[in-house]
Amino acid sequence: MPAIAHFEDICQLFSTSSSKEANEYLGLGWVLLNVESAQYSEHGWNTGFVLGWKKSLGEVKEPPERPSPWSVSPTAGHTES
């Protein structure tokens, strides 16, 4: 796969450590610009993905937002009386 020679066509960047999320963006037409790896311990590595949206593709497309797994519903734990 040839590298992108010029980045002038890139209008927006997105970075993630989630391969699932990176694949969602790739499925929408984003291009993979870089894969970063950093060792944080003897046997542990973090991998990051940098993606770009090309201006020539028009309006930027992003996956629909999903609720954070860490968010708590305002009604959680409440029961109807």
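From the square roots a ≥ b ≥ c of the eigenvalues of the alpha-carbon gyration tensor of region 10-57, which class results: rounded (a/c under 1.5), prolate (a/b over b/c), or oblate? Here region 10-57 falls in the prolate category. Summing charges over neighbours of residue 27, with a neighbour being any other residue whose Cβ is under 13 Å away from its Cβ, gives -1 when K and R count +1 and D and E count -1. Highest mean first, the peptides 43-49, 28-34 sorted by other C-beta atoms within 10 Å per residue fall in the order 28-34, 43-49.
Using alpha-carbon pairs under 8 Å, 6+ residues apart, how would you state the relative contact order of region 10-57 in percent?
Values: 76 pairs, mean separation 24.7, N = 48.
Computed over region 10-57, the figure is 51 percent.
The numbers here are math on the coordinates, done by the rules we state, and not lab data. Since this is a predicted model, take the numbers as computed values, not measurements. Note that we place each Cβ from the backbone using ideal geometry, even for glycine, and neighbour counts take in every protein chain shown.
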